[in-house]
Each structure stands twice: as C-alpha cells, then as structure tokens.
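**Q** I have a structure here, written as structure tokens, and I will follow up with some questions on it.
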Amino acid sequence: MSHLFHMNLGNILLLEGIAVILANAVLLREIDWHRMLGNILFMVPFSYLVSGIAQLLTVFHIQHLSLIPSVILDIVGVMMIGCGISIYQRINLILHPNDDLMQILRFKFLHGNAVTASLTAFITPITIIAICFLIQRHIWAVNIGTVVALLFQGTFIALSDRYVFRKLKHQRL
C-alpha cells in the first residue's frame, strides 16, 4: 500500500492500525477507550520503528542474502516474534491492534486456538496484497518470512504460550 499510494511506510502502518482498532471495536461490539488508547500508544512508535528498520535493512542488503541464510533468519525471526507476542498478549497491558485482533478472534470466536486465529487475522492483509497486485502487477514486501509467518506464527505463539514463562496466563480477555 505504501508503494501504491506513494506514502511513507510508517504512515501506512499507522492508518492500517487505526482501521484495525475500529474493526476490533466492531468485533467486540463496544468502544473500549482504555483498550483503544493502549493500541494507539503501542502502534504509533511501532509503525515508525518498523518503517525505520525496513530502511535500515536495505542499507545492509539483508534482502539479498542467499536462500539458506535467508530462510534461517526468517524462521528464527518469526519464532522470536511469536514468542514475544505470546508473552505480551498474556501480560496484556497494551497491544498492537493487529495482535489485539488476533487475541479477540482467538478467545471470542475460535475457542482459544492460536493457529486458527493467526490464519484468520491474516485474511485481510492477504486480500490487500492481492488487490495491490491486481492494481500494480507487482508484489512488494512479501518474501519467505511472510510465508513462514502466515503458516507458522500461530503455532509459534501456541508453543510459546505452553513453554515460555508458563506461569503467565491470558488476562483481561
């Protein structure tokens, strides 16, 4: 979307996060100002941090690694992200809107199943990627890590829930 609309990635991530906050409110059927404020407090710096890191990765040519190191880096990265999501979802002080969406789907609609919730939460981004591809005839920012995250992030979250800081329990659901 950043390429399609010629906007800074941080701005796109911020707008996308606002849309997800509104979708979360619809799914919950309530306006929870505390939750929404927490989502915004997390999302604003995170959006621009991701944008900056994306620019930094191009400087170091990470995207040009050969296949094996790239796959290893992507798998380890997605595993670490899944572990981090597991921990901070269980602490549940403030969440990124997308992680809040996954948690809402998981516990309100999908009987606590992290794998199904993760796959369900990816439906909208996949649809957006498809629409952008139809318009531009080019796919941006989809690589091995995207596929690994799509297929395994929910599994990594579920495993981390079970084995990393096992005493942490999901709160304020």
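The values are calculated or read from the model by the stated rules, or taken from the named source; none is laboratory data. None of the values given here were measured: they were computed from a predicted structure. So basically every Cβ, Gly included, is an ideal-geometry build from the backbone, and we count neighbours across all protein chains shown. Ligands, DNA and RNA are stripped out before the accessible areas are found, and what is left, the full protein with its side chains, is counted by its heavy atoms. Shrake-Rupley method; radii C 1.70, N 1.55, O 1.52, S 1.80 Å.
**Q** From the list Thr120, Thr124, pick out the single residue that is modelled with pLDDT of 95 or more, open to solvent by 40 Å² or more (accessible area, probe 1.4 Å), within 20 Å of Ala23 (Cα to Cα) and β-branched (Val, Ile, Thr).
**A** Matching residue, one of Thr120, Thr124: Thr120.
**Q** What are the residue pairs meeting all of these: first residue in the stretch 147-173, first residue basic (Lys, Arg), second residue assigned to a loop (DSSP other than H, G, I, E, B) and buried (at least 16 other Cβ atoms within 10 Å of the Cβ), Cβ atoms under 8 Å, and 6 or more apart or on different chains?
**A** Within 8 Å, the pairs are Arg172/Asn92.
**Q** Continuing with this model, one more query. Select from the stretch 20-66 the residues that are among the hydroxyl-bearing types (Ser, Thr, Tyr) and outside any loop (DSSP other than H, G, I, E, B) and write down the one among them that is surrounded by the fewest Cβ atoms within 10 Å (Cβ to Cβ).
**A** Thr58
**Q** If the requirement is being under 24 Å from Ala25 (Cβ atoms), part of a helix (DSSP H, G or I) and either in contact (Cβ under 8 Å) with a residue 12 or more places away in the chain or out of contact with any Lys or Arg (no Cβ under 8 Å at 6 or more places or on another chain) (or both), which of these qualifies: Leu105, Leu73, Leu95?
**A** Numbers: Leu73 fails: under 24 Å from Ala25 (Cβ atoms); Leu95 fails: part of a helix (DSSP H, G or I).
Every option except Leu105 fails the conditions.
**Q** Inspect the stretch 95-102 for any residue being farther than 26 Å from His170 by Cβ and open to solvent by less than 50 Å² (accessible area, probe 1.4 Å) and give the result as yes or no. Steps first, please.
**A** Of the stretch 95-102, the ones farther than 26 Å from His170 by Cβ are none.
Scanning the stretch 95-102, I find no residue that is farther than 26 Å from His170 by Cβ and open to solvent by less than 50 Å² (accessible area, probe 1.4 Å), so the answer is no.
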